[in-house]
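Any read-out appearing in this document is the output of simple, stated calculations on the displayed coordinates, not a laboratory observation. Remember, predicted model here, so these are calculated numbers, not experimental data. Every residue, glycine among them, receives a Cβ derived from its backbone with ideal geometry; neighbour counts consider all protein chains shown.
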Amino acid sequence: MDARIVDVASETEATFFRCLHDEKPQDPRAAALRRKWHDLHKDKGLREKVLLLESGEVAGLCQYIPIEQSPFLGRELMAILCIWVHGYDHLVGNQQKKGFGRLILDAIEADARESGMKGVAAWGKDFPYWNPVSFYEHMGYVRADAEGQTILVWKPFSADAEAPKLMRLKRPPVPGDRKVDVTVFVSGWCCGGCDYALTARDAVQGLEDVAHYNEIDTSERETQLEYGAGLAGIYLDGEPFRPDGPPFTTEELTAEIRKLYQRKTGQQADSGAA
């Protein structure tokens, strides 16, 4: 297993900010959201690292930060935002099932201990096909909190460590008129969170008479706490839209907005709208 974990540098930055998806160009709007979040957190204890193979190719990444600056609640813990090892056949190839995930996690834990943290927190989903929490549980982490399929786990280093918690959403306000309220919470640390925002922006184009659009950037900790919004999400009239998948297209979201409008008003949304 010839690989090393290093800080993101100029030659690996583009791959890191694309979450290893070098097979396609990044939407400049997503790049701007990622960069904004990075710039706000780079001096707040943020760690951004990549896994380099002996060939110099990037095979994985991770980013983590003190929990007080993270989308989660807690104190004196290091919070893992993501660990990702390339799992596709294209480009560098499938690098999973080679021990690289454990290698990255061990490095994070060592950094957390050296930084005086009392433990590490991480989040995942209670299913196998994306960011599975089972990876962390296999590595000795235990569940601390859960909401739906989103699970927060942790590994304490000391007896006086306090278990972390998920933020609970304070439902976005829903206007009292006939339009559908589309509220988007943007998490700029995640390409998926950025894509949520861009999909929603595109979905409401031409629907000014059908929908209210409200985009809330949760880059600032104060905003996260105000709304109880740690992770990205799209809400239609206060209800989450496919919070656990499957992935959706702009057209599917537009169709759902139209359907809600028709249900509320008994009227068909203007077919001329985008």
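Compute the relative contact order of segment 133-183 as a whole-number percentage, counting only Cα pairs closer than 8 Å that sit 6 or more residues apart in sequence. Spell out each step's value before the answer.
Details: 41 pairs, mean separation 12.5, N = 51.
Reported as a whole number, the value is 25 percent.
For Lys36, list the lysines whose Cα falls under 17 Å from its own Cα; do not include residues on the same chain fewer than 8 positions away.
Counting by Cα, and skipping residues close in sequence, Lys36 has these lysines nearby: Lys44.
Loop only per DSSP, at most 11 neighbouring Cβ atoms within 10 Å: give me the GluC sites (Glu not before Pro) in segment 1-44, ordered by residue number. Don't skip to the end; give the middle numbers.
Values: sites: Glu11, Glu13, Glu23; in loops: Glu11, Glu23.
When the GluC sites (Glu not before Pro) of segment 1-44 are filtered for loop state and at most 11 Cβ neighbours within 10 Å, Glu11, Glu23 remain.
Among Cys194, Gln96, Leu231, pick out the residue whose Cα is farthest towards the positive end of the charge dipole of the chain, where Lys and Arg carry +1 and Asp and Glu carry -1 on C-beta, about the Cα centre.
Leu231
Out of residues 5 or more away from Asp145 or on other chains, whose amide H comes under 5 Å of its own, with H placed 1.01 Å from N in the peptide plane?
Answer set, sorted by chain and number: Leu152.
Please turn the phi angles of segment 24-37 into ³J(HN,Hα) values with the Karplus equation 6.51 cos²θ - 1.76 cosθ + 1.60 (θ = phi - 60°), one per residue in order, whole Hz, x for glycine and proline.
For segment 24-37, the Karplus-derived couplings read 9, x, 7, 4, x, 5, 5, 4, 5, 5, 5, 5, 4, 5 Hz, x marking Gly and Pro.
So what J values fall out for segment 39-53 if you push phi through Karplus, 6.51 cos²θ - 1.76 cosθ + 1.60 with θ = phi - 60°, rounded to Hz, Gly and Pro as x?
Along segment 39-53, the couplings run 4, 6, 10, 4, 9, 10, x, 5, 10, 10, 9, 10, 9, 9, 6 Hz.
Spelling out what I want: for every residue of segment 218-224, take phi, set θ = phi - 60°, compute 6.51 cos²θ - 1.76 cosθ + 1.60 (Karplus), and round to whole Hz; glycine and proline get x.
So the Karplus estimates, Gly and Pro as x, are 9, 4, 7, 4, 4, 5, 4 Hz.
What residues qualify as long-range amide H neighbours of Gly230, i.e. H under 5 Å apart, gap of 5 or more or another chain, H built at 1.01 Å from N?
Under 5 Å from the amide H of Gly230 lie the amide H atoms of Met167, each far enough along the sequence or on another chain.
Sequence gap at least 6, Cα distance under 8 Å: using those rules, report the relative contact order of segment 3-166 to the nearest whole percent. Walk me through the intermediate numbers first.
Numbers: 290 pairs, mean separation 27.9, N = 164.
Computed over segment 3-166, the figure is 17 percent.
Between helix 191-203 and the chain, what is the angle of the helix's C-alpha long axis to the longest principal axis, kept within 0 to 90° and rounded to the nearest 10?
10 degrees
Stretch Val142-Lys264 to full length: gain in nm at 0.36 nm per residue minus the Cα-Cα span?
Result: 39.6 nm gained on full extension.
How many angstrom separate the Cα center of segment 43-103 from the Cα center of segment 114-192?
Here the answer is 16 Å between Cα centres.
What value, in deg cm²/dmol to 500, does the helix sum -39500 (n - 2.57) over DSSP H runs of n ≥ 4 give at 222 nm once divided by the residues of the chain? Display every interim value, and only then the final one.
Numbers: 7 runs with 76 residues, N = 274.
One gets -8500 deg cm²/dmol as the mean residue ellipticity at 222 nm.
By per-residue mean of other Cβ atoms within 10 Å, what is the highest-first order of 196-203, 103-110? Each step should come with its number before you reach the end.
Details: 196-203: 20.4, 103-110: 17.4.
Put in order of decreasing packing, that is 196-203, 103-110.
Mind ranking 93-99, 225-231, 119-125 by how tightly packed they are, going by the mean number of other C-beta atoms within 10 angstrom, highest first?
On the way: 93-99: 14.0, 225-231: 18.1, 119-125: 24.6.
Ranking, from highest mean packing down: 119-125, 225-231, 93-99.
Taking 23 Å as the cut-off for C-alpha to C-alpha distance, list the pairs among Lys179/Lys259; Lys125/Lys155; Lys49/Lys165; Lys49/Lys155; Lys24/Lys49 that go past it. Numbers along the way, then the final one.
On the way: Lys179/Lys259 11 Å; Lys125/Lys155 17 Å; Lys49/Lys165 25 Å; Lys49/Lys155 21 Å; Lys24/Lys49 21 Å.
With Cα atoms farther than 23 Å apart: Lys49/Lys165.
May I ask for the net charge around Phe241, where only other residues with Cβ less than 15 Å from the Cβ of Phe241 are counted and Lys, Arg are +1 while Asp, Glu are -1?
Working: positive: Arg171, Arg201, Arg242, Arg258, Lys259, Arg263; negative: Asp181, Asp195, Asp202, Glu215, Asp237, Glu239, Asp244, Glu251, Glu252, Glu256.
Neighbour charge sum, excluding Phe241 itself: -4.
About its Cα centre, what dipole magnitude does the chain give when the only charges are +1 on Lys and Arg Cβ and -1 on Asp and Glu Cβ, stated in debye to the nearest 20? Write down the numbers at each step before the final one.
Values: 33 positive and 43 negative charges, 97 e Å.
Here the chain has a charge dipole of around 460 debye.
Quick one: which residues, 5 or more positions from Asp181 or on another chain, have an amide H under 5 Å from its amide H? H modelled 1.01 Å from N in the peptide plane, none for Pro or chain starts.
Answer set, sorted by chain and number: His212, Asp237.
Per the chain: cysteines with no other Cys C-beta under 4.7 angstrom?
Among the cysteines of the chain, those whose Cβ sits 4.7 Å or more from every other are Cys62, Cys82, Cys190, Cys194.
Below 8 Å, C-alpha to C-alpha, sequence gap of six or more: please give me the relative contact order for segment 180-265 in percent. Mind dumping the intermediate values first?
Working: 119 pairs, mean separation 34.9, N = 86.
RCO, segment 180-265: 41 percent.
If a/c stays under 1.5 just call it rounded; otherwise compare a/b with b/c (prolate if a/b is bigger, oblate if not). Do that for segment 81-197, with a ≥ b ≥ c from the square roots of the Cα gyration tensor eigenvalues.
Numbers: a/c = 2.38, a/b = 1.37, b/c = 1.74.
The shape class here is oblate.
What is the angle, in °, between the Cα long axis of helix 100-114 and the longest principal axis of the Cα atoms in the chain? Nearest 10 is fine, range 0 to 90.
For helix 100-114, the angle is close to 80 degrees.
Angle, helix 250-265 long axis vs. longest principal axis of the chain, Cα atoms, 0 to 90°, nearest 10?
Once rounded, one gets 40 degrees.
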